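The values are calculated or read from the model by the stated rules, or taken from the named source; none is laboratory data. Predicted, not measured: the structure shown is a model, and the values here were computed from it. Cβ placement follows ideal geometry from the backbone for every residue including glycine, while neighbour counts extend to all protein chains displayed. We work out accessible area using only protein heavy atoms, side chains counted, and drop any ligands, DNA or RNA first. Shrake-Rupley method; radii C 1.70, N 1.55, O 1.52, S 1.80 Å.
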Amino acid sequence: QVQLVESGGGLVEAGGSLRLSCAASGRTFSGYTMAWFRQAPGKEREFLAARTRVAGSTYYADSVKGRFTISRDNAENTVYLQMNSLKPDDTAVYYCAAGISTRVANSRNYDYWGRGTQVTVSS
C-alpha cells in the first residue's frame, strides 16, 4: 500500500504560481511512476504530468507544457508540481497518483491516489 497526501493548493490570481506537494508513505516510493491529474466540476479527470520510476522521464499534457513542472525527491518520498502562469481554466482539484504502468496519461493505470487539493485561480 502507498498513501499519498497532497498539499499546497489555494487561491491565486491569474498569472500567479503555486507549488503542490505530494507526500508518499508505505511501499518504496522510487518504485512507482508518479503523476498529477486534475478534475474540474463537471469534467473528467485530466492528466497533467508524470515522472517515471525507471528512467525519470517526464511527460506533460499539452495544456500545461511550458507552465507546469513535475519533480520528485526520492529521498523525501515527495513529488512536486510547480505551476506558473496560472489561468482561471486551471481551477480544479489536483490529485497525485502512483502506479507502475508505462502508459502514464491514463488514470486507470494508477493504483494509488491522494484525496486531492483545491486550486482556484481568480481572473
Next on the checklist: So in region 92-120, with the set limited to residues that are buried (at least 18 other Cβ atoms within 10 Å of the Cβ) and touching a Lys or Arg at 6+ places or on another chain (Cβ under 6 Å), which one is farthest from N74 (Cα to Cα)?
Outcome noted: A92
Checklist entry - Within region 30-42, can you find the residues that are closer than 14 Å to I70 by Cβ and either free of Cβ contacts under 8 Å to residues at least 40 places away in the same chain or in a strand (DSSP E or B) (or both)? => result T33, M34, A35, W36, F37, R38
Checklist outcome for this item: Restricted to region 4-34 and to residues being among the β-branched types (V, I, T) and farther than 19 Å from T52 by Cβ, the residue farthest from the chain's Cα centre (by Cα) is V12
Checklist entry - If you take the residues of region 65-81 that are at pLDDT 95 or above and open to solvent by 60 Å² or more (accessible area, probe 1.4 Å), which of them is nearest to A23 (Cα to Cα)? => result T69
Item to check | Residue list for region 1-29, filter: part of a strand (DSSP E or B), polar (S, T, N, Q) and out of contact with any Asp or Glu (no Cβ under 9 Å at 6 or more places or on another chain) | outcome: Q3, S7, S25
